[in-house]
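The values are calculated or read from the model by the stated rules, or taken from the named source; none is laboratory data. From a predicted model like this one, the values you see are computed outputs, not experimental measurements. All Cβ positions, even for glycine, are placed from backbone atoms using ideal geometry, and neighbour counts span all protein chains on display. These area figures cover heavy atoms from the full protein model, side chains too; ligands, DNA and RNA do not enter into them. Shrake-Rupley method; radii C 1.70, N 1.55, O 1.52, S 1.80 Å.
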Amino acid sequence: MSALNPLFLLAGLAVGIPLFLHLFQRHQARRVSFPALRYLQRTERDHARRIRIRQLMLLLVRSLVVLALVGAGARLFVKGGDVAHPPTALVIILDNSMSSGVVMGDRRALDRLKGLAIRTLDGASADDRIWVLRGGEPWLPAFTGAHEALRAAVDATTPSAGGGDLMASLARAEDLLSTSGLDRREIHLLSDMQRTAFHRSALRPSGGIPVVAWLPTGPPPTNRTVTGALVGGGLAPLQGQRSELSLSVSSTPGDTTPVPVRIVVEERVRGAGSIPPGASLSLPLPPTPAGWVLGYAETDADALRSDDRRYFAFHARPAPAVAVLGDPGLFVREAVRVLEAAGRMRQAGPAEAEAVISAGGFELDAVRPDASVLIVPPVEPELLPALNRRLSGVGVPWRAENAMASGEGTLSGVELPESLSGVRVFRRYRLSSPGGPDGSHRTLARVGDQPWAVSGADASGRRYLLLASSLDEESSTLPVSADMVRFLDWLTGQWAGRAGAGEGRVAGEPLQAPFGADRVRTPGGAEVPIDGTRMYRATREAGFYTFLAGDSTVAVEAVNPPEWESLLSREGEGDRLFVEGLVGSDLTLVGPEDRWEAAIFRTRQGPELWWPLVLAAVVLLVVESGIAAAGRGRRAGEGASSPWEPHAAS
């Protein structure tokens, strides 16, 4: 219950007036008993209790009259009724992440969530301002507009292959509500309440806005999934070379039933087996001709179909010709020797090499225009002017400043190669671009907010990758780790455009368009024009994303659902305090669907109570008059005085 005029409730203090009169305003007089009047005292004692009860009834009725009039003046109304609510700013978070596609009974979880969203829209008024956020597609802007448009957006929502991040969605919802200009604000969280969706983001909502969340009932079903499919240990096989595929599977905790898997390469079954949950298995892959090879590992269908298949893609190619110019250091020379001995590259001169490693920018002008170049800065800072002149001579818009950045840092970045993940950097130069790099440059790795590895194309069209540190043991942990060999293999293969990735990318994360690509073909077959210098973000489907330039395939990325989306355990009543700690204490969890309408629009204004209160005050006044009249009549008939009246005094 609430009031439209709450200040008028202060008038309720007037209820103290009849109480004061009852307790303190009796006439006090000294009683003197005359022998002739003693029989009257006995009569008074006989009726004292009846009179006291009558007076208490009058006190109660008069107090209720005051309270009823105060409530009518304050315009009380019942909250949560089924009538109206004040204008409210509302964000509906519709979690369409991959786990929302799970089938429970005869319905998908998302279908139930969409039904609740429609109920919210049906209960909204034209004065409300509403946004709809799709939790599984965070790259999309929020839907807003007329109720018909919002219903259409809800109806068109389908499960994404990406993961949910409820904390980031709640923080985004609060940002939207802060722009509404309305006092009443509310968030409706429609999710399967998957536990992993509460832990992915470092973002935290402030918790100052009421959140109404649906709480699913019943345990989640058993879910078996293929969690990993890695070709050749992360190194793409060469043309005509045999390789192997390492598979791993998982299932619901407690389920030990072996998971059957099949390997399909170029639409042909190439192997099968069974793997206990939590274990892995390696199956052989046959030799392949040159070109892109696409495949997947799959298991039997279950309640969640979206994670039953794991995609992989690689580019089988001949061993690339690699040239090493200048002296990049002992560790680079040894890694090149290892890769050459394994048949994964062959050394050649700069005029015929497809990939070049140049120490200090040595002989950059002698490299063929279609080659890819790794530029390693010198260990000695006094050699930086020579490096910068060579970079300027071939049209590279970056310079290495003679100011060694201090402080240890770990490499990070959206496009960070797996071989550089976890590498710690101790010494680095500061990379800058005096004239400003053009839009074709990319930062593959950073240390904090400073670039460590930048790529682009020089004036002749050669692709370059410029590092901020030398490849020696005093600059980073890369040279003294096994990742050094993997880094050079990635450089001369995948980055140079002559190999494919291992396990691919995660759905929901952006893909960097390769150089030269003008469009991308999605797993659904749609072709989307792109700018080859930008990110492609709409990775809502699992499968193969093919980057095209004209009629040629530039690259293929295998995109898979995130592993954490296959873990269907959820937050619930048992973890309410934990959820409140993340979402905020102003949280309402709604169980059965038929209680949703009563829980939403918590500032709902039901019917006003002023007229029942006025009617009650009138009835009470009539009752008070009757009680008072009956008391006066009895006293007149009996000739007795009231205890509230003065007695004979001497």
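Worth a mention:
- To put it simply, the accessible area of the range 247-311 at a 1.4 Å probe is 53 percent carbon and sulfur.
- Once the C-beta distance of D518 and D155 is scaled by a Förster radius of 35 Å, the resulting FRET efficiency is 0.55 to the nearest 0.05.
- Most simply put, the range 343-455 has about 70% antiparallel DSSP beta bridges, counting only bridges with both residues inside it.
- Heavy-atom accessible surface of the range 307-425, averaged per residue, reaches 42 Å², computed with a 1.4 Å probe.
- Rounded to the nearest 0.05, the FRET efficiency derived from the C-beta distance between A629 and A84 at R0 = 45 Å is 0.55.
- Distance between the pseudo-spin-label points of S569 and Q239 (7 Å out from Cα toward the beta carbon): 5.0 nm.
- Segment A171-M535, extension gain: residue separation times 0.36 nm, minus the distance between their alpha carbons: 128.6 nm
- Between amide H atoms placed 1.01 Å from N, distances below 5 Å from V554 occur with F547, L548, A549, all of them 5 or more places distant or on a separate chain.
- Separation in nanometres of the label points that stand 7 Å from Cα toward Cβ, at V480 and L59: 8.9 nm
- Of the GluC sites (Glu not before Pro) found in the range 283-355, those in coil by DSSP whose Cβ has at most 12 other Cβ atoms within 10 Å are E352.
- FRET efficiency, R602 to H199 (Cβ-Cβ, R0 30 Å, nearest 0.05): 0.65
- Couplings 3J(HN,Hα) of the range 299-314, computed from phi: 10, 5, 5, 9, 5, 10, 7, 5, 10, 7, 9, 10, 9, 8, 8, 8 Hz, in residue order, whole Hz [Karplus 6.51 cos²θ - 1.76 cosθ + 1.60, θ = phi - 60°; x for Gly and Pro].
- Net length gained if the chain between Q347 and A146 were fully extended (0.36 nm per residue, minus Cα distance): 65.9 nm
- Distance from the range 251-288 to the range 368-395 (C-alpha centre basis), Å: 47 Å
- In plain terms, the chain from D127 to T217 could stretch by 29.1 nm, reckoned as 0.36 nm per residue minus the Cα-Cα distance.
- Average accessible area per residue (Å²) across the range 188-306 - probe 1.4 Å, nucleic acids and ligands excluded: 44 Å²
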